[in-house]
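Everything below concerns the one structure shown next.
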Amino acid sequence: MSSAPFRIAVLISGEGSNLQALIDDVADAGIEIVGVAASRADARGLERADAAGIETAVFSLADEPEREKRDEALAGWLAERDVDLVVLAGFMELLTPGFIRRFAGRIINVHPALLPAFPGLGAIEQAVEHGVKVAGVTVHFVDEGVDSGPILLQEAFELPYHRDISATRQHFHEVEHRLLPRAVRLIASGQVSLDPDNHRLVRLESDG
Ligand code: GRF
């Protein structure tokens, strides 16, 4: 007997390479991408979703400049699709506290840094300019701050001295494309919980 698929929606703003990694990875894991919403009508990721036969919508501040109303419409669209998890995959905007509360504990984000180092925009460039020797990628639950929610997965790697920024970016993205689908699979299979005594701490079943 097969159980109902775990329903995720993916929020994007641009290229959508992380969305593509999810499309390529999760279908065989009982996970269904039931919608892709973009903050910009020209997000290339919308074409990737169309090509995969996934329903799409655009919720842009260009169409609805009041962020609260925009996020209410987005939340309604997600609720209609009965999503179990909202995945921010290169979604380049802050969500309102009302939206975050409505989906509390059910929103994750991928960020190209070892948080809490380098939150916010331009994390890869900041790490390179800072001269860090070790960098990495984080998948975390989303709270009302900027990249400040409980950490679910991290993968670290060394940054060589001779840095070609585009090759460096490519390396970060490759790690993201591995880590984000892994995080979604772990949540979908019920292997992730928050420590009841300290909600900053995420417990994975493999932690014992
Ligand atoms: C990724 O590096 C993501 O971590 C960052 O924006 C980039 C989006 O890439 N927030 P893509 O749209 O998934 O290709």
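The values are calculated or read from the model by the stated rules, or taken from the named source; none is laboratory data. The model shown is predicted, which means the values in this text are computed figures rather than measured ones. Cβ coordinates were reconstructed from backbone atoms using ideal geometry, including for glycine residues, and neighbour counts include every protein chain displayed. The area values use the complete protein model at the heavy-atom level, side chains included, leaving out ligands, DNA and RNA. Shrake-Rupley method; radii C 1.70, N 1.55, O 1.52, S 1.80 Å.
For the stretch 1-48, the spherically averaged projection of the C-alpha convex hull amounts to 3.2 nm².
How large, in percent, is the carbon and sulfur part of the accessible surface of the chain at a probe radius of 1.4 Å?
Carbon and sulfur: 51 percent of the exposed surface of the chain.
Where q = 0.10, 0.11 Å⁻¹, what log10 of I(q)/I(0) comes from the Debye formula for the chain, counting one point per Cα? Ignoring solvent entirely, the Cα scatterers give -0.42, -0.51. Pull up all non-local amide H partners of Gly35: gap of 5 or more, or a different chain, and H-to-H distance under 5 Å with H placed in the peptide plane. Answer set, sorted by chain and number: Val10. Packing, as the average of other Cβ atoms within 10 Å across residues, places the peptides 10-17, 169-176, 104-111 in the order 10-17, 104-111, 169-176, highest first.
Near the amide H of Phe6, within less than 5 Å, lie the amide hydrogens of Ile31, Glu32, all on another chain or at least 5 residues away, with H placed in the peptide plane. Shape summary of the stretch 98-190, radius of gyration then Dmax from alpha carbon positions: 13.9, 45 Å. Remark: the stretch 63-190 carries a charge dipole of roughly 400 debye about the Cα centre, counting +1 on each Lys and Arg Cβ and -1 on each Asp and Glu Cβ. Extent along the principal axes, Cα only, for the stretch 1-124: 44, 32, 29 Å, with the longest axis given first.
For Val58, the residues whose amide H sits under 5 Å from its own are Ala38, ignoring neighbours fewer than 5 places away on the same chain, with H placed 1.01 Å from N. Per residue, the chain reaches -10000 deg cm²/dmol at 222 nm when only DSSP H runs of four or more residues are counted, each adding -39500 (n - 2.57). Evaluating 6.51 cos²θ - 1.76 cosθ + 1.60 at θ = phi - 60° for every residue in the stretch 86-98, the Karplus couplings come out as 9, 10, 8, 10, x, 8, 9, 10, 7, 9, 6, x, x Hz, glycine and proline recorded as x.
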